[in-house]
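Here the structure comes first, spelled out in structure tokens, and everything after it is commentary.
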Amino acid sequence: MTAPAGATQGVDRDFSRMLAWRYALFLLAFFALIAVMAVAERLVPGVPEAMRAAGLAKTPHAMLSRGVAVIRGGTLIINLPGSLKGATESLEVILPALPHALGKLRGSPADCGT
């Protein structure tokens, strides 16, 4: 079975454009990561680890996440996935721990096991 004449005309060009666009989005996310890392004073590796672990339960693509969490001064900066779905699912995972994390940033003496 062959495609009708002209059916694939422009497909290679359009596919290349799509790849270029996806690569540009990948680069934007990469540079966002670089910007966050440039201002980091300390890393908070457990946050992106939790986001990736939860994402991997749903898709193998989660391992490609460039998520990072850092502290600068008294601010917790979390780099979420670029898709709305990924960001929403990641927030669902980390939101329960954020009040404790923010309390620790403010100097709370509460034990992390409570």
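For the pair residue 111 and residue 75, a Förster radius of 22 Å applied to the C-beta separation gives a FRET efficiency near 0.45, rounded to the nearest 0.05. Maximal additional length on extending the residue 83-residue 57 stretch stands at 7.7 nm, based on 0.36 nm per residue less the C-alpha distance. With N counted as the residues of the stretch 60-114, its alpha-carbon radius of gyration over 2.2 N^0.38 Å works out to 1.30.
Read-outs throughout are calculated quantities, based only on the coordinates presented, and are distinct from any laboratory measurement. Given the structure is predicted, the values throughout are model-derived calculations rather than measurements. Glycine also receives a Cβ, built like all others from the backbone with ideal geometry; neighbour counts cover every protein chain displayed.
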